Amino acid sequence: MSHITAPPQASRTVDVSRLLGLRSEGASLILGVFIVTNVVFTISTIQSLSVTWPAYVSAIIVSLAGVLLGRPHPDPFPLRDSWLVVGAVIVSTLLISWCLPPEGPTGRASWHLGSNTWLLWFLVLRGRTALAWGAMAAMAAITAYWAGTTGRGALGGLMMVDTQVGLLVVATLFVTSLRRTAHRINSLTERSVDAAAAAATAEAERQVRLQRAAEVAAASLPLLERIADGRPLSDAERGDVREAEARLRDGVRGRALATPAVLDAAARARARGVEVNLLDDRGSGLATGAAMARADSAVTRALDAASGTVTVRLLPAERAEAISIVTVAGDDVERIVLDEDGSTTAA
């Protein structure tokens, strides 16, 4: 019944308290009316009680329980606080019952019955139906016992709480319907979020495809147009064609490995006569950007120092090793292994 801003991760989840706005300013106003009503009934009926102090204590206890129930918390309400509310109902009933007049209508002097029922109503709304009914049973039993010991009869005592029991039945049925509504809302929200995430992923993939297509066009179209004009290619142009073909192949076969830094290092290595193979057997990069940055640095260093043939392979995710760099120069074979963190491990 106080107003706070829910954290982002909780803002999409709807429970009964959120449906009823129990954390809104309006709910705080209702709590204020509840407290004022308890005070007014206590003061206006105090002369009809045999002992007055239990009524004042009960008004404080019941009002504090109302404040406690208004504490923002996802449903169900915390078990410890729920037991405190149950205790407030039982204690207030014990305090006031034996102070009521032994005969005649009690009138508003038994205000605690209605106030406690509203506490239990909200306890049901907060997801503690079993505890609320247990407290109602205790309140009815205490009232019936008091009535039996004062000549009113136990049945007369039960008749004093029949309306309160009916109200709690209504609350139980009401909250059952609200929970079904909340469940449907949460299901629709979850599906909407999943659909939005899928749409965002599809759009991201489309943008990547468009970017790759633009990169391919920028790298190959000028060369294709040059080849199409029929004039013989110079040695430099042939080198440009080979380099473009190698970059395109690296982008297709190397995928996650084909970062700008690695592609530039591969081009430098090929210019020295090194045969470079970039192979992605995983389909995705390492887990973090920092790991990929360390892997890029290690692969770039290996390519800059390589001679002969070098094969860089991004291994499947289930492997203990993440990236292998194998360099073959004549009879010499060197193998460098990187882990999921992009750090060098023992080969």
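The values are calculated or read from the model by the stated rules, or taken from the named source; none is laboratory data. From a predicted model like this one, the values you see are computed outputs, not experimental measurements. Cβ coordinates were reconstructed from backbone atoms using ideal geometry, including for glycine residues, and neighbour counts include every protein chain displayed. SASA here: full protein model, heavy atoms, side chains in, ligands and nucleic acids out. Shrake-Rupley method; radii C 1.70, N 1.55, O 1.52, S 1.80 Å.
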**Request:** Between Ala65, Ala295, Ala132, find the one with the highest GNM mean-square fluctuation for the chain; connect C-alpha pairs within less than 10 Å.
**Result:** Ala295
**Request:** Can you send over the carbon and sulfur percentage of the accessible area for the chain, probe radius 1.4 Å, protein chains only?
**Result:** 63 percent
**Message:** If you count only protein heavy atoms with a 1.4 Å probe, what accessible area per residue comes out for the chain, rounded to a whole Å²?
**Reply:** 53 Å²
**Asked** Most fluctuating residue of Val326, Val169, Val39 in a GNM of the chain with Cα springs under 10 Å: which is it?
**Response** Val326
**Message:** Can you compute log10 of I(q)/I(0) for the chain with the Debye formula, treating each Cα as one identical point scatterer, at q = 0.07, 0.11, 0.14 Å⁻¹?
**Reply:** -0.58, -0.80, -1.07
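For the chain, the longest stretch holding no trypsin sites (Lys or Arg not before Pro) located in a DSSP loop with at most 16 other Cβ atoms within 10 Å is which? It would help to have the intermediate numbers written out before the result.
Numbers: sites that count: Arg12, Arg272, Arg319.
Here the longest segment lacking exposed loop sites spans 13-271.
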**Prompt:** By how many nm would the segment from Arg71 to Asp162 lengthen if fully extended, with 0.36 nm per residue of separation less the alpha-carbon distance?
**Reply:** 29.8 nm
**Asked** Hey, got the Cα dimensions of the range 235-347 along the principal axes, in Å, largest first?
**Response** 44, 30, 19
**Prompt:** Where is the GNM fluctuation largest for the chain (alpha-carbon springs, 10 angstrom cutoff): Leu100, Leu278, Leu167?
**Reply:** Leu278
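Using a Förster distance of 25 angstrom, determine the FRET efficiency expected from the C-beta separation of Leu188 and Leu79, and round it to 0.05.
Working: r = 30 Å, r/R0 = 1.19.
Using R0 = 25 Å, I get an efficiency of 0.25.
Give the relative contact order (percent, whole number) for the range 289-347; include only Cα pairs under 8 Å separated by 6+ residues. Can you show the working numbers first?
Numbers: 94 pairs, mean separation 19.0, N = 59.
Relative contact order here is 32 percent.
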**Item:** Where the Cα pairs of the range 111-170 fall when distances are cut into 5 Å bins, in %
**Value:** 4, 21, 30, 22, 13, 7, 3, 1
**Prompt:** Which number do you get for Rg(Cα) / (2.2 N^0.38 Å) in the range 143-197?
**Reply:** 2.16
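Can you compute the charge dipole magnitude of the chain about its Cα centre, using +1 on each Lys and Arg Cβ and -1 on each Asp and Glu Cβ, nothing else charged? Give it in debye, rounded to the nearest 20.
Values: 33 positive and 33 negative charges, 278 e Å.
The dipole of the chain has a size of about 1340 debye.
Compute the relative contact order of the chain as a whole-number percentage, counting only Cα pairs closer than 8 Å that sit 6 or more residues apart in sequence.
Working: 435 pairs, mean separation 36.8, N = 347.
Relative contact order, the chain: 11 percent.
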**Message:** Quick query: amide H of Thr345 versus all other amide H atoms, modeled in the peptide plane; which residues come in under 5 Å with a sequence gap of 5 or more or a different chain?
**Reply:** Val337, Leu338, Asp339
